[in-house]
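See below for the structure under consideration.
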Amino acid sequence: MAEVVEASEMERRRRMQWWHEAKFGMFIHWGLYSVIGRHEWVMELEAIPVAEYEQLTKLFKPKPNPAAEWARLAKRAGMKYMVMTTKHHEGFCLFDTKYTDYCAPKVCGRDLVLEFVEAARSEGLRVGFYYSLMDWHHPDGVRCAYDEEARKRFVEYIHGQVRELCTNYGKIDILWYDVPWPLSAEGWESEKMNKMVRELQPDIIINNRSGLPEDFDT
């Protein structure tokens, strides 16, 4: 058993080496809240109803490929990686997904995560995905805490989207989960989820916000 643990730790150190050397990267928050120039918690903290918040999709019209500009800036500044919100707590997805129409491709006809990935890679930067487990828009996002059938549906939704992110965009260097509320690691079935992630992306590094220690703390 000790040999297995040691081998696992050596593998983690190998994965993490570039991260410790990089030191400097860009973290991009982008979502419907950007339309009104507000913070990413605006929906919750200002008690905006779901139906009202959804109206922001009509105003979500990003300029052509802003990610290319961000990547050039990151490169000039000496950054080594970029992380972008693929879905924040508001539930709006910037990537193409079969699990909901509440996403950029359906709203503005563009996969903004794909644009981000291509821009970062064009500048030789490593790519990271932020993904919020908590979801204020999904009908099971709160219900999952007390309804087992809702939990199963919501976990299937979350696992499915994480699979899409780890499958559709080539090599991904970082998976940055956020806010495991209202479930525990057991509730999210995090061991199963992260096993899937590592099978799809063997070199990826993962933070601890799925409720498991994984590679680094945030």
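Bear in mind these aren't lab numbers, they're just calculated from the coordinates by the rules spelled out. Model, not experiment: these values are computed from the prediction. Cβ sites come from the backbone with ideal geometry, for glycine too, and all protein chains shown count toward neighbours.
Close amide H contacts of Cys93 (hydrogens built in the peptide plane, cut-off under 5 Å, sequence separation of 5 or more or a different chain): Cys103, Ala104.
Remark: the Thr218-Val142 segment gains 25.0 nm on full extension, using 0.36 nm per residue and subtracting the alpha carbon distance.
Using a Förster distance of 22 Å, how high is the FRET efficiency between Arg12 and Lys192, based on the Cβ-Cβ distance and rounded to 0.05? Walk me through the numbers on the way to the answer.
On the way: r = 19 Å, r/R0 = 0.88.
Once rounded, the FRET efficiency stands at 0.70.
Dividing the Cα radius of gyration of the chain by 2.2 N^0.38 Å, with N the residue count, gives 1.03. Between Lys171 and Lys63, the simple spin-label model (points 7 angstrom out along Cα→Cβ) gives 3.2 nm. All other residues whose Cβ lies under 13 angstrom from that of Ser132 are scored, Lys and Arg at +1 and Asp and Glu at -1, for a net of -3. About its Cα centre, the dipole of the chain is roughly 900 debye, where the only charges are +1 on Lys and Arg Cβ and -1 on Asp and Glu Cβ.
Taken over the Cα atoms of region 142-218, the convex hull encloses 78 Å³ per residue.
Ranked highest first by the average count of other Cβ atoms within 10 Å around their residues, in what order do 204-211, 60-67 fall?
Numbers: 204-211: 20.1, 60-67: 13.6.
Going from most to least packed, we get 204-211, 60-67.
Counting neighbouring beta carbons within 10 Å and listing from fewest to most, the residues His29, His159 come out as His29, His159. Over the chain, dividing the summed -39,500 (n - 2.57) contributions of all DSSP H runs of at least 4 residues by the number of residues returns a 222 nm mean residue ellipticity of -12500 deg cm²/dmol. Measuring against 27 Å, Cα to Cα, the residue pairs Lys63/Lys87; Lys98/Lys192; Lys23/Lys152 contain Lys23/Lys152 as the ones spanning a longer distance.
List Thr85, Thr57 from most exposed to least, where exposure is judged by having the fewest other Cβ atoms within 10 Å.
Working: Thr85 27, Thr57 18.
Ascending number of Cβ neighbours within 10 Å: Thr57, Thr85.
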